[in-house]
Amino acid sequence: MEKVLITGAAGYIGSHTLRVILESGRSVIALDDFSTGNRWAIPAEVPLFEGDFSDLGLLRNIHRESPFDTIIHFAAKTSVEESVRDPSLYYSENTAKTIRLLDACRVLSIKNFIYSSTCAVYGSVKSMKSDGVNEGTPVNPESPYGWSKYLSERCITDIAQSVGMKYSILRYFNVAGAHPDGSLGAENPKVRAMVTVAAEAAASMSPSLIINGDDYATRDGTCERDYIHVLDLAYAHLSALKRLESGGSSEVFNCGYGKAFSVKDIIATMSKVSGKEIKSTIGKRRSGDLESIFADSRKIRTLTDWLPRFDDISEICRSAYLWEISDREK
Ligand SMILES: NC(=O)c1ccc[n+]([C@@H]2O[C@H](COP(=O)([O-])OP(=O)(O)OC[C@H]3O[C@@H](n4cnc5c(N)ncnc54)[C@H](O)[C@@H]3O)[C@@H](O)[C@H]2O)c1
């Protein structure tokens, strides 16, 4: 079995995935600069390197000390709003640095590369099919963040082919929830994801929040998203890795459940699981918010052994709420 280097291993999704890959019996090495990640998210037994994922000298040293064949690349800047304010930060941190990491893959003869992409590459889909957005849907990123991730996808596709490396690109839909054992959860204050916002509201003294627009052409007028439990997403990485290890081809996979929940659905579910009534007021639409998007995830279900275990919006909200009220180090 492969030894796996995980960049961004101390972050929200990286730390859950690290746990799953470790539990599968594979050796794991963690790399993080702790710009948004947390040391406590890395188990003590995992070799941990602090630094920048695009530092070839550091990658060579890690490889010399502990050779690895596979990279799972999570490390990135992840705020859409920040990317609009500072696009060059996103193109240099996400795209240019990923090119340098790919150059290192050539130098170190890396066999497999798994990349964290996003449904933001699809942008507003003109005519959503009833079974969701599939991987063949034309891309149309609407923010520098979305473009920086899509351009990285292009670089991976072209460079991996030229150096004989295989890849899986995973396009995540809305990642939410926390580890069921209460040890890991979302921590990046720059990212205002709906389930986290609702969990924070429920945990506060006077639960309330603002709904950004209720005049969309959806069931209840609020935006709809496909929420995937972070641990199911972690298992999707393991499934993608197993497929590459057993000789599978390079592919792009959507990661979602294929169901859309509205902002009002999330508020109602969070109120129910927390036992706190969350009051809401209607605010203006936020620019750039997509009306409705959900995944057609038949490809990953067909080509890998991925089987969702936490496809339950109540469980997603409950785990996020329990994480929010937990006594963790912050
Ligand atoms: N959270 C979501 O809903 C979501 C959705 C779609 C895609 N993604 C993608 O998933 C990946 C992980 O996102 P997350 O939510 O876990 O974010 P996060 O901020 O929790 O984790 C990112 C990690 O990368 C580290 N990092 C950042 N820049 C680095 C650098 N130059 N060198 C080394 N380490 C660095 C940070 O310290 C952090 O630990 C990102 O690539 C993101 O674009 C996330």
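The values are calculated or read from the model by the stated rules, or taken from the named source; none is laboratory data. Predicted, not measured: the structure shown is a model, and the values here were computed from it. In this analysis, Cβ positions are derived from the backbone assuming ideal geometry, glycine residues included, and neighbour counts consider all displayed protein chains. Heavy atoms of the whole protein, side chains included, go into the accessibility calculation; ligands, DNA and RNA do not. Shrake-Rupley method; radii C 1.70, N 1.55, O 1.52, S 1.80 Å.
Quick grid of which residues meet (1) under 25 Å from residue 212 (Cβ atoms); (2) open to solvent by less than 30 Å² (accessible area, probe 1.4 Å); (3) touching a residue at least 40 places away in the same chain (Cβ under 8 Å):
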residue	(1), (2), (3)
249	no, no, yes
263	yes, yes, yes
267	yes, yes, yes
284	yes, no, yes
287	yes, no, no
290	yes, yes, yes
304	no, yes, yes
308	no, no, yes
316	yes, yes, yes
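Scanning segment 48-85 for residues that are open to solvent by 60 Å² or more (accessible area, probe 1.4 Å), more than 10 Å from the ligand (Cβ to nearest atom) and more than 18 Å from residue 145 (Cβ to Cβ) yields a total of 7. Residues in segment 21-47 that are of a type in the set (Val, Ile, Thr) and surrounded by fewer than 20 Cβ atoms within 10 Å (Cβ to Cβ): 46 only. In segment 77-88, is there at least one residue being of a type in the set (A, V, I, L, M), at pLDDT 95 or above and in contact with a helix residue (DSSP H, G or I) (Cβ under 7 Å, 6 or more places away or on another chain)? Taking every residue of segment 77-88 in turn, none turns out to be of a type in the set (A, V, I, L, M), at pLDDT 95 or above and in contact with a helix residue (DSSP H, G or I) (Cβ under 7 Å, 6 or more places away or on another chain). Here is the figure for segment 88-123: residues that are open to solvent by 50 Å² or more (accessible area, probe 1.4 Å) and part of a helix (DSSP H, G or I) total 8. Of the residues that make up segment 211-231, is at least one open to solvent by less than 20 Å² (accessible area, probe 1.4 Å), modelled with pLDDT of 95 or more, on the phi > 0 side of the Ramachandran plot and not in a strand (DSSP E or B)? Checked segment 211-231: at least one residue is open to solvent by less than 20 Å² (accessible area, probe 1.4 Å), modelled with pLDDT of 95 or more, on the phi > 0 side of the Ramachandran plot and not in a strand (DSSP E or B). On the stretch given as segment 318-330, residues that are crowded, with 19+ Cβ neighbours inside 10 Å and not aliphatic (A, V, I, L, M) total 5. Does at least one position in segment 291-313 carry a residue that is modelled with pLDDT under 95, within 19 Å of residue 123 (Cβ to Cβ) and over 18 Å from the mean Cα position of the chain (by Cα)? Yes, that holds for at least one residue.
Taking the residues in segment 183-210 that are of a type in the set (A, V, I, L, M) and not in a helix (DSSP H, G or I) as candidates, determine which candidate is surrounded by the most Cβ atoms within 10 Å (Cβ to Cβ). Working first, answer last.
Of the residues in segment 183-210, the ones of a type in the set (A, V, I, L, M) are 184, 186, 191, 193-195, 197-199, 201-203, 205, 209-210.
Next, only the ones that are not in a helix (DSSP H, G or I) stay: 184, 186, 191, 193, 205, 209-210.
Values: 184: 23, 186: 21, 191: 16, 193: 18, 205: 5, 209: 21, 210: 13.
Looking at residues that are of a type in the set (A, V, I, L, M) and not in a helix (DSSP H, G or I), I get 184.
Mind listing whichever residues of segment 251-261 are among the aliphatic types (A, V, I, L, M) and either surrounded by fewer than 19 Cβ atoms within 10 Å (Cβ to Cβ) or in a loop (DSSP other than H, G, I, E, B) (or both)?
The one that is among the aliphatic types (A, V, I, L, M) and either surrounded by fewer than 19 Cβ atoms within 10 Å (Cβ to Cβ) or in a loop (DSSP other than H, G, I, E, B) (or both): 260.
If the condition is being within 11 Å of the ligand (Cβ to nearest atom) and either touching a strand residue (DSSP E or B) at 6+ places or on another chain (Cβ under 6 Å) or more than 12 Å from residue 184 (Cβ to Cβ) (or both), then segment 15-47 contributes 18, 30, 31, 32, 33, 34, 35, 36, 39, 42.
Return yes or no: is residue 219 basic (Lys, Arg) and in contact (Cβ under 8 Å) with a residue 60 or more places away in the chain?
Numbers: basic (Lys, Arg): yes; in contact (Cβ under 8 Å) with a residue 60 or more places away in the chain: no.
So residue 219 does not fit the description; no.
Of all the numbered requirements in (1) at pLDDT 95 or above; (2) crowded, with 18+ Cβ neighbours inside 10 Å; (3) in contact with a Pro (Cβ under 6 Å, 6 or more places away or on another chain), residue 151 misses one, and that requirement is (3).
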